[in-house]
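A.B. asks: Below: one structure in structure tokens.
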Amino acid sequence: MPLNDSDSMLKVIGTGLAVIGVCSVPALGSTVSRLTRRDAHQDTYEDGDGKASLESLKAYSAKLSKTFAVVSAGAGFAVSIALLVISAPAADRGLLTSSLVTAAWALLLFQAFALASSRSSVQAYNLGIYLFFSAALLAGILLSQATTIGGSLLHSAPVSLTLRVVELVSGISLAISALCIPRRPDVFYQGELVDRMRTASAFSRFTWSWASNLPELASTKKDLDLLDLPRPSRFFRAAAVSASWRVQKTAGKRLWLALVWAHIKPLTSQWFLTFISSILNFGPQWVILQLLRYLEAREPGSGQGMEAWMWVFWLGVAMISQGWIETYVWWLACADLQIPVRAQLSALIFEKSMRRKDVKGADKTKKKGLEERNTESSGASTAPDRPEAGVEEDKSEELMKSKQSTVNLIGVDTQRVSDFCQYQNLFPASFFKLVVSLAFLLDLLGWKALLAGFSAMVAIMPINIYFSQKYSAAQDRLMKVRDEKMGVVTEALQGIRQIKFSALEPEWEAKIGTVRERELSAVWDVFKNDTMLIGCWVTSPLLLAALSLAVYASIYGSLAPSVAFVSLGVFESLEMTLSVVPELTTDLLDAWVSLDRIEQYLNSPELEATSKQSDEVAFENASIAWPTDEVVDESERFVLRNINVTFPKGELSVISGKTGTGKSLMLAAILGEVDVLAGALYVPRAPPLSERHDDKANKGNWIIPNAIAYVAQIPWIENASIRDNIVFGLPFDEERYKKTIDVCALTKDLEMLDDGENTEIGANGINLSGGQKWRVTLARAVYSRAGILVLDDIFSAVDAHVGRHIFEKCLNGELAVGRTRILVTHHVALCEAKAKFLMELGNGGVLHAGLLSELREEGMLQKIRSHEQTADEIETDELTTAVNSEDSSVGEREQDGANPAAPNKAPYKAPEARKFVEEEGRERGAVKMHVYWTYLKDSGGFSFWAFALCIYLLVQVFHIGRSWWLKIWTGNYEEQGADQQFSLNGSSAYGYSYTEGIRQSIHIMSAPSPSVQGSLSFYLGVYIALAVISSITGTLKYLYVYIGSIRASRSLFAKLNFTVLRAPTRWLDTVPLGRILNRYTADFNTIDSELANAVSFGSNSFLSLMAVIVAGLFVSPYIVLFAFILLSICLYYAIRYLHVARPVKRLESTTKSPVFEQFGSALTGVATIRAFGKAPVYVDRMHRKIDDYSTSTWYLWLFNRWMGWRMSLIGSFFSIFVSVLILLTPGIDSALAGFALAFALDFSSSVMWTIRFYATVELNMNAAERIIEYTELPTESLGGQSPPAAWPTEGRIEVNDLVVAYAPDLPPVLKGLTFSVNRNERIGVVGRTGAGKSSLTLALFRFLEARSGSIYIDGLDVSQIKLHDLRSRLAIIPQDPVLFSGTIRSNLDPFDHHTDEELRDCLERVHLVNNDTSAASSSGSTTPVGSITPKNTNPFSNLSSPVSEGGLNLSQGQRQLLCLARAIVSRPRVMVLDEATSAVDMHTDALIQRSIREEFTDATLLVIAHRLSTIADFDRVLVLSDGQVAEFGTPKELWEKGDAGIFRGMCEESGEREKLKGIVYGEK
């Protein structure tokens, strides 16, 4: 603003010179340093972000900017000397002023030289910043000086004025040049370009332009990939922020305090800038106040003086400054707080998970009377586990136990904390703005009017607080229901095969739908309370303004436009600020809870070194238990006591024992995954990964004697190729790899696959059979460099001859020489020939242990064998030949499209392996109109949205009408000539006392007349009426859109749920669970909660923009032209923004899933990862995925700010243009000026929010797009006829010329299959791998549709029957038993179709509640201290006993028996059994076989056999070969075919010919 006296000017220039002097100190230091040290030229560059390449060093240049700086400084200095010479004859003050300016220019010239001569790019950049501030300060002083004396110089000294203009231009040019110095060359981290924010010039950095090539690229490609985005700098790179956390002394500090301390610099900067922004926020209002007062005070018909134009200039300055600082504050919030905090916490949580105790099961102290978890199942530390169902635990305890809750720490809690970090500055902002606005309004209105207005806000505040609390409570309920929904959906997707086999889709659809309805009810509660909060937000400023202006007008008898429109703007700004406080408080509480959960996790117990260094694995009087993170009484834990064993080095040791005796616990102890309660444990100490130098490994040094490899009971496999899973990060040694493949019996499996070893395995090995998963994990251990192999039950899922091959070739072959092998198995007889050491567990301790030779001499060996099985069973088990080389294979299941028709054919090696798990698809370009139309149709259709448009238009009409009425009201006083002199607030604290005019009416001077009083009531009444209608319609418009949103959400979810549950199994197998879950959770959260608000606020912003232009029309029609030009510019930037924001938002969605998938996978396999010493590798991998996520968020926010700053700038120009037009338009009154300017100030925010909300709608529509994509997936056949109610009554099966393929483009796997099965027949199905056994099962249940031919059951063609009816009338027991979390009852009879008595009867039939059956009840035994061992609680005795997720609190045998009981419950007439050979002891296996024979006598039974002895006494045997019937007849008939018979050949090859012959002829 102008400085009117020479003394003030002198002081300002003197102060400016002093500041410029201070800014010159770094330039002086740089010059001295350069002169004294003579640094060599910078020929390389490296910093914490990365290292410059030769190309980037060559490309770096700052010469142009430096040259411009020196030239500009030189020109300015020369002109200042010329002005000094001209002013020499002038008065002393003028000469002194010119001298000071010349001195300032001299300093600037020195700074420019220092900058130009600097050889360090970063130093030059920093000097440029100082030079910019110095030049900008001097330019500001020169501008102020010019506005003061410019008018007089124009007439008296034009040469001097010209020189001053040149001087001013030189200053501005110098400032810009100084900002254009690039900071450094492009740097690269691990070969990838690092984000250029700290590379580019300050001008690029502070205008968010450094990535402006990306919008161009996105526009050209119509998409962006992650590779197109530069990598994170060290300030938000996960590894770097995690390392910086460790450097800080955070020990003993609360997490929130440590976080604050870690990010104190950006927090301080943000709060300081927030304070500046809060003051500048009212700058435009203050300038408009001065401008309107000027207009009120001027004489009618008089021209505009320089003062008016200066106010227009300062309006532009205020708006641009405020816009830039606000934009920068939000950039700081995201770039320096939200993203680094999220990356830091995510990295810390994952790193912790790699060190944390692997605690499983639930809090035992809260489950008195419930069975301790089974050691076999939970012993596989790799299994995901949850707290057992039906047990109430508080959140923190659930958190500690549940894998999903642990993943939620990153998915939910970290996000909440980082989001709050982004918005926390709104707290100080609200306080600062409140103080500034109160001072402003107090000066403007006086305390009485202000008090009246605030009384309205105080009256509304309790309502606001009440609904804020209700809103917060509704949000909490919503979060809980969403967690519940996620649990139900996760379980349904994990058990989808069982659901489909049992035709339970409608029941699960209803189950999920019920939870969904509760979620929508919670969403509606949130919407209702949100509407009331919006109502308070809309109403408050209206009431504030109405009451304040009414009281003001009553007190002063008039209402000036300057007072009315400025106070209105301040009220709206203030209320918008204060309205966020209640919601922000809720966010604070949420973030606090989340921080507390994260802190508990980070402070939870870590694995401690439980073992001592030794050459051998030994236990010395040790007592061990599964780890717990709380103090638990020993009597409530499963403990193995007083163990004294030493496993011989370099030999094979075997650990045996019945199910539930603690075998897996022993192995976990060797891995260090247990609590050692007493005694000592000795294990060789493996070298850390960094000291193994794997990259230098060769045949001579391959084995590291002390390293450990582990094969878990539940195999853990990654989503990678078979080869990558086996090599596991080690160098590829072809010879060793081939030997490993051979000894692990994987050769045939790999030959079966088109892509061989490059075949990609789905998550958790979904496209491998049980045996293949086991053998791949075994191969990983065998290939490894470990000298100690810890193997848990590797024979359980392989057939006997494969088991013998593995035992001979793998465990005792060339690759096992010199390695210590510790094996848990039930197959003692198989191993005794070559085992050195044997221990048997039981009764909570060691029953027998010692060298095999000693045990044999003592007679103990036979006793141990007798515990396992009878001699006959041993012989049968050990000699039985596998019917197929493996129970099932990828080739057989055809999930990757391999062709089993030619198992011996040399496979065609594809040039590039096909991906089993396809990359997640991303749409390109704008969201398709089809998506919008589907959403609009589901939310209510054309009529609904047409009515919505009418409501929104009505709201804007009332908004303009209200302001126009205020214009009429305030203009009325001017028309009446109420131009008396008055102090606007009865106080001259700020010296504002204005003369309204000299023409006064006599009656106005004497007293306010009744007509004025009457007009006040009239104007006020109309204004309040308009305000009330505005607030009601303004509130209801949101509620109306919310109704449509709920409707659309309900419809879309129902369609998605229906489609996914009925999608083909092939699709479900090839899509990762996390990807589908994302649709059900994150995408629907967006559609439920965010989309409606984006549509509402976006529509509002667009119509507000139209209102701004309409309001401008009242001033001049030229407004439309100028607005059109500015809107065209806005549209240009908006299109560029949308081109880049769309793909980056989609990238953010697709980079989020891998973070959760990696975390979930690593948590599942944490024991394996730690055993192999691979934790650092997984930490690095997680850092990479976090960086991918951070990068996409970073660029999303970067382009948001890029667009926001430009919109703010354009909006400032619009306001300046409106102001200029007001001054140029003759006869315009202050009321109309106030009306137009009040709207003009909203131009930039309306444009920006319109674009941003449109982008938000489109980006949120990305969620709708992803959901609609899934709702349109092809489903299994839904047509067909309903069979008779009792069908099938007999169970006759006829298969006629059946041809089946896995996909239309693949060859058939069943080729003209024809056979028939009579009522109640038991049929064994045998054949080599790829013969078509599993395909026959899938065809029977119509998972594969017939190309030709037919299957008839009881005379009905199954292809003509509804799928649901078909599958619900048949039953199958799959090889892998699937249980759902809940209770025993909910698993047997999920939808309450049977009585408790019927269910108990079924449990008895499978011997789960038979007291004589110890195997069924011994699982998970608790062994308290003392001589008396109490009976263990049998979980099956109570139907309400909990079953954890996946049934992992039961042993494998118990799960299989429970699945068998479930099949018996349904009493099927046709039963298919994929005979299980899983991890059960022989006794349990015998129970399963016995139950099958006893319980399915009145059903047709098809058994896919893995042991010939199982089906040798069946009614008939179906032998398949190459998808056709090779033989079909009674076992006796097939036997008597002699050597020509395939079945006979199998029996002859088995090595148990006589045994099988006895069974076939009924002799045994």
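The values are calculated or read from the model by the stated rules, or taken from the named source; none is laboratory data. What you see is a predicted model; the values in this text were computed from it and never measured. Glycine also receives a Cβ, built like all others from the backbone with ideal geometry; neighbour counts cover every protein chain displayed. Each accessible area value is taken on the protein alone, full model and side chains, heavy atoms only, with ligands, DNA and RNA left out. Shrake-Rupley method; radii C 1.70, N 1.55, O 1.52, S 1.80 Å.
A.B. asks: Residues to consider are ILE1125, ILE1135; find the one that is within 35 Å of the chain's Cα centre (by Cα), β-branched (Val, Ile, Thr) and surrounded by fewer than 16 Cβ atoms within 10 Å (Cβ to Cβ).
C.D. replies: Sole residue among the options that is within 35 Å of the chain's Cα centre (by Cα), β-branched (Val, Ile, Thr) and surrounded by fewer than 16 Cβ atoms within 10 Å (Cβ to Cβ): ILE1135.
A.B. asks: A further question follows. Do the conditions hold for LEU1073, that is, is it among the hydrophobic types (A, V, I, L, M, F, W, C) and either more than 25 Å from GLY765 (Cβ to Cβ) or at pLDDT 80 or above (or both)?
C.D. replies: no
A.B. asks: Wholly within region 1478-1538, which helices (runs of 4 or more DSSP H) include no fewer than the required count, namely at least 2 residues that are at pLDDT 80 or above and surrounded by fewer than 21 Cβ atoms within 10 Å (Cβ to Cβ)?
C.D. replies: Qualifying helices (runs of 4 or more DSSP H): 1531-1535.
A.B. asks: Would you tally the residues in region 1263-1298 being of a type in the set (Lys, Arg) and open to solvent by 50 Å² or more (accessible area, probe 1.4 Å)?
C.D. replies: Selection size over region 1263-1298: 1.
A.B. asks: Output the number of the condition that THR250 fails; it satisfies all remaining conditions of (1) of a type in the set (S, T, N, Q); (2) outside any helix (DSSP H, G or I); (3) modelled with pLDDT of 90 or more.
C.D. replies: (3)
A.B. asks: Considering only region 596-625, state which residues are open to solvent by 20 Å² or more (accessible area, probe 1.4 Å), of a type in the set (A, V, I, L, M) and part of a helix (DSSP H, G or I).
C.D. replies: The answer is LEU602, and nothing else.
A.B. asks: Here's another thing I want to ask about it. Somewhere in region 708-720, is a residue touching an Asp or Glu at 6+ places or on another chain (Cβ under 9 Å), more than 24 Å from ILE670 (Cβ to Cβ), in contact (Cβ under 8 Å) with a residue 24 or more places away in the chain and surrounded by fewer than 21 Cβ atoms within 10 Å (Cβ to Cβ)?
C.D. replies: yes
A.B. asks: While we're looking at this one, here's another question. Go through region 727-754 and count every residue that is farther than 21 Å from ARG804 by Cα and open to solvent by less than 10 Å² (accessible area, probe 1.4 Å).
C.D. replies: 1
A.B. asks: Whether any residue in region 516-526 is part of a helix (DSSP H, G or I) and more than 30 Å from the chain's Cα centre (by Cα) is what I want to check.
C.D. replies: The answer is no, given that none of the residues of region 516-526 is part of a helix (DSSP H, G or I) and more than 30 Å from the chain's Cα centre (by Cα).
A.B. asks: Could you check GLU167 against (1) touching a Leu at 6+ places or on another chain (Cβ under 7 Å); (2) among the acidic types (Asp, Glu); (3) part of a loop (DSSP other than H, G, I, E, B) and say which number it fails?
C.D. replies: Answer for GLU167: the failing condition is (3).
A.B. asks: Could you please give the count of residues in region 182-203 that are open to solvent by 30 Å² or more (accessible area, probe 1.4 Å) and in a helix (DSSP H, G or I)?
C.D. replies: Residues meeting the conditions: 1.
A.B. asks: I'd like to verify a number: residues in region 799-853 that are polar (S, T, N, Q), within 28 Å of LEU677 (Cβ to Cβ) and at pLDDT 85 or above, how many? Show your work before the answer.
C.D. replies: Let us first name the residues in region 799-853 that are polar (S, T, N, Q), namely 812, 820, 825, 843, 853.
Keeping just the survivors that are within 28 Å of LEU677 (Cβ to Cβ) gives 820, 825, 843.
From what's left, at pLDDT 85 or above: 820, 825.
Residues in region 799-853 being polar (S, T, N, Q), within 28 Å of LEU677 (Cβ to Cβ) and at pLDDT 85 or above: 2 in total.
Condition check ((1) small (Gly, Ala, Ser); (2) touching a helix residue (DSSP H, G or I) at 6+ places or on another chain (Cβ under 7 Å); (3) not in a helix (DSSP H, G or I)) across all residues:
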{"position": "TYR1189", "(1), (2), (3)": "no, yes, no"}
{"position": "ARG1201", "(1), (2), (3)": "no, yes, no"}
{"position": "GLY1204", "(1), (2), (3)": "yes, yes, no"}
{"position": "LEU1232", "(1), (2), (3)": "no, yes, no"}
{"position": "PRO1284", "(1), (2), (3)": "no, no, yes"}
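A.B. asks: Tell me whether region 1095-1109 contains one or more residues that are touching a Lys or Arg at 6+ places or on another chain (Cβ under 9 Å), surrounded by fewer than 21 Cβ atoms within 10 Å (Cβ to Cβ) and within 23 Å of ARG355 (Cα to Cα).
C.D. replies: no
A.B. asks: Among the residues of region 1175-1182, is there at least one that is assigned to a helix (DSSP H, G or I), over 22 Å from GLY191 (Cα atoms) and hydrophobic (A, V, I, L, M, F, W, C)?
C.D. replies: Yes - at least one qualifying residue is present in region 1175-1182.
A.B. asks: Looking only at region 55-74, filter to residues that are over 12 Å from ALA178 (Cβ atoms) and of a type in the set (Lys, Arg); which one of those is nearest to the chain's Cα centre (by Cα)?
C.D. replies: LYS58
A.B. asks: Condition check: surrounded by fewer than 18 Cβ atoms within 10 Å (Cβ to Cβ), farther than 30 Å from LEU1340 by Cα and either touching a residue at least 24 places away in the same chain (Cβ under 8 Å) or in contact with a helix residue (DSSP H, G or I) (Cβ under 9 Å, 6 or more places away or on another chain) (or both). Does ALA473 satisfy that? Talk me through it step by step, then tell me what you get.
C.D. replies: Details: surrounded by fewer than 18 Cβ atoms within 10 Å (Cβ to Cβ): yes; farther than 30 Å from LEU1340 by Cα: yes; either touching a residue at least 24 places away in the same chain (Cβ under 8 Å) or in contact with a helix residue (DSSP H, G or I) (Cβ under 9 Å, 6 or more places away or on another chain) (or both): yes.
When the stated conditions are applied, ALA473 passes them.
A.B. asks: Taking the stated definitions as given, is ALA73 part of a helix (DSSP H, G or I), surrounded by 17 or more Cβ atoms within 10 Å (Cβ to Cβ) and modelled with pLDDT of 90 or more?
C.D. replies: Values: part of a helix (DSSP H, G or I): yes; surrounded by 17 or more Cβ atoms within 10 Å (Cβ to Cβ): yes; modelled with pLDDT of 90 or more: yes.
Answer is yes for this residue.
A.B. asks: While we're looking at this one, here's another question. Output the residues belonging to region 236-264 that are under 22 Å from PRO428 (Cα atoms) and free of Cβ contacts under 8 Å to residues at least 40 places away in the same chain.
C.D. replies: Within region 236-264, LEU257, ALA258, VAL260, TRP261, ILE264 meet the criteria.
A.B. asks: Restricting attention to region 822-858, which residues are outside any helix (DSSP H, G or I) and without any contact (Cβ under 8 Å) to a residue 12 or more places away in the chain?
C.D. replies: The answer is ALA833, and nothing else.
A.B. asks: Moving on to the next point. Please name all residue pairs, on different chains or six or more residues apart, with Cβ atoms under 6 Å, provided the first residue is in region 529-547 and is at negative phi and open to solvent by less than 30 Å² (accessible area, probe 1.4 Å) and the second residue is of a type in the set (Gly, Ala, Ser) and modelled with pLDDT of 85 or more.
C.D. replies: Close Cβ pairs satisfying both conditions: ASN529/ALA474.
A.B. asks: For GLY1234, indicate whether it is open to solvent by less than 20 Å² (accessible area, probe 1.4 Å), touching a strand residue (DSSP E or B) at 6+ places or on another chain (Cβ under 6 Å) and among the small types (Gly, Ala, Ser).
C.D. replies: no
A.B. asks: Also: So, in region 1257-1281, of the ones that are among the hydroxyl-bearing types (Ser, Thr, Tyr) and at pLDDT 85 or above, which residue ends up nearest to the chain's Cα centre (by Cα)? Show your work before the answer.
C.D. replies: Residues of region 1257-1281 among the hydroxyl-bearing types (Ser, Thr, Tyr): 1270-1271, 1275, 1277.
Next cut, at pLDDT 85 or above only: 1270-1271.
Numbers: TYR1270: 20, THR1271: 22 Å.
If we take residues in region 1257-1281 being among the hydroxyl-bearing types (Ser, Thr, Tyr) and at pLDDT 85 or above, then TYR1270 is nearest to the chain's Cα centre (by Cα).
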